[in-house]
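Since every read-out is calculated from the coordinates, none of them should be taken as a lab result. Owing to the predicted nature of the structure, the values given are computational and were not obtained by experimental measurement. Neighbour counts are summed over all protein chains in view; Cβ atoms, including those assigned to glycine, are modelled from backbone coordinates with ideal geometry.
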Amino acid sequence: MKVGKLGSFLAIAALSAASFAYASGPAPVPKSLEERVRHELNMLPYYGVFDDISFRVAICFVTLLGQVWQPVLKLQTESAIKHIEGVKQVDDQIEVLPLSNFDDQIRRQTLRAIYAYPALNRYVLNTHPSIHIIVKNGNVTLTGVVANTMDKEMAYVRANGVHGVFSVTNDLRVEN
């Protein structure tokens, strides 16, 4: 059977169109403003275990809340959120924790006490550890999410045993 030039051209055109349609896939679903803000927070290079940033979205207004260890992170956070399409205004209520060698020592010791403990070290495996350690003037606050009540209590006990800590507030949430 002999195929002419027109038949070859039509076959190639049909295959090209089919591969183009397959490669393009379904149309992307637009992300909500809340998802885009969360993504930008997760992409911050200096956001770590000693920081706790949360946010609220009301239509096109974003309120940033929490505490950060390094002043540059507050500026980076506000800047990153302002550049998201659809954000009209950012209310930055992030507190910069006081710079203190004493608090830095407590941060390191608390980090070691919690994450070096075998039952809790699985929480450090993510890109952003799920237990955040906030230290302000010798007072420790634990924030984040843990798998069960036992882990929540164990993190509290480990943090409370750190030398030099005045008090520990356990604001860890148990995952449902």
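Tell me the residue from GLY144, GLY164 that is outside any helix (DSSP H, G or I), more than 19 Å from GLY48 (Cα to Cα) and not hydroxyl-bearing (Ser, Thr, Tyr), please.
After applying the criteria, what remains is GLY164.
Could you grab me the full set of residues in the stretch 85-123 that are part of a helix (DSSP H, G or I), more than 19 Å from LYS136 (Cα to Cα) and not polar (S, T, N, Q)?
If the condition is that a residue be part of a helix (DSSP H, G or I), more than 19 Å from LYS136 (Cα to Cα) and not polar (S, T, N, Q), then TYR115, ARG122, TYR123 are the ones that fit.
Testing HIS132 on (1) loosely packed, with under 14 Cβ neighbours inside 10 Å; (2) under 19 Å from the mean Cα position of the chain (by Cα), one condition comes back false. Which one is that?
Every listed condition holds for HIS132 apart from (1).
Just the residues that are touching a residue at least 12 places away in the same chain (Cβ under 8 Å) and part of a helix (DSSP H, G or I), please, taken from the stretch 68-84.
Across the stretch 68-84, the qualifying residues are PRO71, VAL72, LEU73, LYS74, GLN76, THR77, GLU78, ALA80, ILE81.
Check whether at least one residue in the stretch 100-108 is of a type in the set (Val, Ile, Thr) and closer than 23 Å to LEU41 by Cβ, and report yes or no.
Within the stretch 100-108, not a single residue is of a type in the set (Val, Ile, Thr) and closer than 23 Å to LEU41 by Cβ.
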